[in-house]
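Heads up: the structure comes next, in structure tokens.
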Amino acid sequence: RVVVANNLTQAFASPDGIQPTKEQAVSALAGMVDVRLRRGTRLIDVTVANTDPQLCEKIANSIVREYIEQDLGQTVAS
């Protein structure tokens, strides 16, 4: 959902304009993101590694937003 919401296939396009498939974009995103639960808390640290700080911020915020939406959806459904 993060790949689609942020049009990351376009963001991850090669310099010659070739866009990766959705699956390739998901794989690239997985290699950039680290999510860890803080020990003894209910806090989660989301770290995104990329040379573009604006893209990192956009992806991290999107991951958090999608997580909250999914969690709310599961809460409402139960």
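The values are calculated or read from the model by the stated rules, or taken from the named source; none is laboratory data. If you're wondering where the values come from, they're calculated on a predicted model, not measured in any experiment. Because the Cβ atoms are built from the backbone with ideal geometry, glycine has one as well, and the counts that use them run over all protein chains shown. Surface accessibility is based on the protein's heavy atoms, side chains included, excluding ligands, DNA and RNA. Shrake-Rupley method; radii C 1.70, N 1.55, O 1.52, S 1.80 Å.
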Candidate set from the range 6-23 (those that are assigned to a helix (DSSP H, G or I) and surrounded by 12 or more Cβ atoms within 10 Å (Cβ to Cβ)); member that is nearest to the chain's Cα centre (by Cα): 8
In the range 64-78, how many residues are open to solvent by 80 Å² or more (accessible area, probe 1.4 Å) and outside any loop (DSSP other than H, G, I, E, B)? 10
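Matching residues to (1) open to solvent by 90 Å² or more (accessible area, probe 1.4 Å); (2) closer than 16 Å to residue 7 by Cα; (3) touching a Gly at 6+ places or on another chain (Cβ under 8 Å):
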residue	(1), (2), (3)
25	no, yes, no
28	no, yes, no
51	yes, no, no
54	yes, yes, no
62	no, yes, no
When the residues of the range 30-49 are filtered to those that are in a loop (DSSP other than H, G, I, E, B) and either under 24 Å from residue 71 (Cα atoms) or of a type in the set (Ser, Thr, Tyr) (or both), which remaining residue is least open to solvent (accessible area, probe 1.4 Å)? 41
